[in-house]
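S.K.: Handing you a structure now.
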Amino acid sequence: MASEWEELEKLSKDELIIELVKSRRAMRNMCRLLDEISKDGASHYLYDRGEKPSEEWLSKIVSYAESKLDDGDHLDGSDLERYGVDSETADRYCYGEDW
């Protein structure tokens with residue numbers, strides 16, 4: 001089994017950027033969750049809402065996200081949101097609304 005470094009070195013620069021944004025978004029979400037729990041003893045889970053990427057980056061993110069799907073699965077808005085795309089853009093792309 002390859003190490004994490006060996007797996008990451010196989011990725012292109014664009015794929016590494018997409019993975020970095022995904023990881024940073026996950027970290028922001030986790031930090032907000034932990035902050036809420038430490039202050040209030042509970043969480044309302046305010047997650048990172050993502051950003052609207054350029055058309056060029058959206059195309060790259062879509063291609064990468066599709067490459068990570070299991071056979072038979074179809075891309076939906078939540079898949080793109082995991083990679084830092086805002087929900088409005090993700091839904092418009094996946095459900096054929098005017099992009």
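Quick note: the coordinates plus some simple rules give every number you see, no bench work behind them. From a predicted model like this one, the values you see are computed outputs, not experimental measurements. No Cβ is skipped: glycine too gets one built from the backbone with ideal geometry, and neighbour counts run over all protein chains shown.
S.K.: Whole-Hz Karplus ³J(HN,Hα) for segment 15-25, in order, using 6.51 cos²θ - 1.76 cosθ + 1.60 and θ = phi - 60°, x for Gly and Pro?
M.R.: 5, 5, 4, 4, 5, 5, 4, 4, 5, 5, 5
S.K.: Once the principal axes of the Cα atoms of segment 56-99 are found, what is the range along each, listed largest first in whole angstroms?
M.R.: 27, 18, 15
S.K.: So for the chain, taking the charge dipole from beta-carbon charges (+1 Lys/Arg, -1 Asp/Glu), which of SER78, TRP5, TYR64 sits furthest toward the positive end?
M.R.: Working it through, the farthest residue towards the positive pole turns out to be TRP5.
S.K.: Still on this structure: For Cα pairs less than 8 Å apart in space and 6+ apart in sequence, what is the mean separation divided by the residue count of the chain, i.e. the relative contact order in percent?
M.R.: Numbers: 79 pairs, mean separation 24.9, N = 99.
25 percent.
S.K.: In square nanometres and to one decimal, what's the mean projected area of the convex hull around the Cα atoms of the chain?
M.R.: 8.3 nm²
S.K.: Could you tally up the Lys pairs in the chain with alpha carbons closer than 16 Å? Skip any pair fewer than 8 positions apart unless they're on separate chains.
M.R.: Details: LYS10/LYS68; LYS13/LYS22; LYS13/LYS60; LYS22/LYS52; LYS22/LYS60; LYS22/LYS68; LYS52/LYS60; LYS60/LYS68.
So the count works out to 8.
S.K.: Then there is this: Can you give the calculated 222 nm mean residue ellipticity of the chain, where each DSSP H run of n ≥ 4 adds -39,500 (n - 2.57) and the sum is split over every residue, rounded to the nearest 500 deg cm²/dmol?
M.R.: Mean residue ellipticity at 222 nm (helix-derived): -19000 deg cm²/dmol.
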